[in-house]
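The values are calculated or read from the model by the stated rules, or taken from the named source; none is laboratory data. Bear in mind that the values here come from a model prediction, so they are computed numbers and not experimental data. Don't worry about glycine lacking a Cβ; one is built from the backbone with ideal geometry, like all the others, and counts go over all protein chains shown.
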Amino acid sequence: MRIRAGNASKIRSSEFLGHPRGLAVLFAAEAWERFSYFGNAALIVLYMVKYLLQPGRMEAVLGFATIKATLELLFGELGPQPLASQIFGFYTGLAYSAPILGGLLADRLLGQKRMVLIGGVLMAIGHFMMAVESLFLVALLMLILGIGAFKPNVSTQVGALYSPADSRRDRAYSIFYLGINIGAFLAPLVCGALAARYGWDYGFAAAGLGMLLSLGIYLSAWRWLPEDEIRTARDRAEPPARTERHAVLPLIGICATVALFWAAYDQQSNALMLWIEDLTDRSVNLGFWQGEIPSPFFLSINPLFIFILTPVLVTMWAREGERGSEPSPIRKMAFGCLCLTLANVLMAGAAWSATGKASPLWLLGYFGLATLGELHVAPIGLALISRRAPAHALSMLMGVWFAATLPGEILGGFLSAMWGGMEKPKFFLMIGSIAAFTSFMLWLQRSTIVSSRRGSC
């Protein structure tokens, strides 16, 4: 027997602007959670390279000697920049692999709602611990565990607001993804400005306040959220049907392939951040104000493009759907990888042509193309998992989707570590070639996701 407390009639009677009211709650909670995450992420590499990993400071960080020795055993001797890139890569990769555990605990023991609350509390604690230098690595561990509990279960609840045949589901995930990027847009501006003007601690504290806001919103609108679905021991004892196994394995294959996309895409907070800091002309002269634009500000260009492009793409896909010509999810994702390839080719051109510091206009082109790629991969993948995963394993498979970033981020950190000793045009072309290879591999897998009555892929 499966414990199902979902109340479809309550969801239907609580609609707002054509969608269940719970979508607005999850939208806002995720926006502030992402504010906390991206605000923190925008600072970590620069914080380590410019401050924490300097002699006399890094020795005081609890567990640092062990982490450094382990990474150097794997990758050889590491200076401050390569070491920071490796730590950041492992942090983000582990943060997005922990959702497998968070999804399993929700599906089988605690339920989605309680896991979201546990995750939010752990993340808030982790953000405020970042202000204590000696607890830096402990704070990252708290954030990893918190993201693992929070991330898959909020995403699962979006799909739970809709019946399997509800055509609004794909659009709901695109709307939800827009909420993610409201937080991602504000985070570098607020946390970056506070860190630049008042010190690193203020930037990290702002991220912690964002997480507290997320928790407050989630708790205040509890009644509009879908109820938990927990798979009992009897359900777990039943072997999965053959059709369910056939649905799961191709989805895992897609997740594994997308790991390469994340290795290339997430250079934005790693090597590209160093390009912005050291090789981009950030000077501004507005008459009333002169100075340099803080490097983290540039990470807000990505969510800004998401605000611009999401309505365009949703409208275009809806019209193509009416004509029966909308691309399948896998084809959308393969196209998105090609967009990321072009973004890195553009940056290779910027590095090749620059005689001094490069114009920031190159970054506008990069973020425009990379964002177009992201919108064809990230929300489309979420919707694909939501639609095709067996109900009893949905949160776990959401966790697998997010966990694809673990190998991706480890690879991304390894690639970023080459930044200092590699010609910059060759570096960007290397990253672009990885994105192109991912597109090719996704294209080969397009036939593994078969058509079903809930949609084709």
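Can you name the condition, by its number, that Ala378 falls short on among (1) more than 20 Å from Tyr96 (Cβ to Cβ); (2) at pLDDT 85 or above?
So Ala378 meets the others, but not (1).
Residues to consider are Ala343, Ala350; find the one that is part of a helix (DSSP H, G or I), surrounded by 13 or more Cβ atoms within 10 Å (Cβ to Cβ) and in contact with a strand residue (DSSP E or B) (Cβ under 7 Å, 6 or more places away or on another chain).
Within the list Ala343, Ala350, the selection yields Ala350.
Could you tell me which numbered condition Ala98 fails, if it satisfies all but one of (1) buried (at least 24 other Cβ atoms within 10 Å of the Cβ); (2) over 17 Å from the mean Cα position of the chain (by Cα)?
Failing condition for Ala98: (2).
Could you tell me which of the residues Leu209, Leu215, Leu225 is closer than 30 Å to Gln268 by Cα and either touching a Gly at 6+ places or on another chain (Cβ under 7 Å) or modelled with pLDDT under 80 (or both)?
Leu215 is the lone residue from the list that is closer than 30 Å to Gln268 by Cα and either touching a Gly at 6+ places or on another chain (Cβ under 7 Å) or modelled with pLDDT under 80 (or both).
Would you confirm, using the coordinates I've provided, whether Ala417 is of a type in the set (A, V, I, L, M, F, W, C), modelled with pLDDT under 85 and under 22 Å from Leu274 (Cα atoms)?
yes
Among the residues of region 318-340, how many are assigned to a helix (DSSP H, G or I) and free of Cβ contacts under 8 Å to residues at least 40 places away in the same chain? Working first, answer last.
Quick first cut of region 318-340, residues assigned to a helix (DSSP H, G or I) only: 318-323, 329-340.
With free of Cβ contacts under 8 Å to residues at least 40 places away in the same chain added as a condition, the list becomes 319-323, 339.
Here the count works out to 6.
Just need a number here: residues in region 274-289 that are closer than 12 Å to Leu46 by Cβ and modelled with pLDDT under 90.
3
Would you check which residues across region 191-205 are surrounded by fewer than 23 Cβ atoms within 10 Å (Cβ to Cβ) and farther than 17 Å from Met273 by Cα and list them?
Listed by number, the residues that qualify are Leu194, Arg197, Tyr198, Gly199, Asp201, Tyr202, Ala205.
Pairs please, first residue from region 191-209 and over 23 Å from Glu30 (Cβ atoms), second anywhere and assigned to a helix (DSSP H, G or I) and aliphatic (A, V, I, L, M), Cβ atoms under 6 Å, 6+ apart in sequence or on different chains.
Listed by first residue and then by second, the contacts come to Ala195/Leu43; Tyr202/Leu194.
Just checking, how many residues over region 159-199 are in a helix (DSSP H, G or I), in contact with a Lys or Arg (Cβ under 8 Å, 6 or more places away or on another chain), among the hydrophobic types (A, V, I, L, M, F, W, C) and within 22 Å of Pro329 (Cα to Cα)?
1
Within region 79-109, can you find the residues that are over 19 Å from Phe64 (Cβ atoms) and not in a helix (DSSP H, G or I)?
Correct list: Ala98 only.
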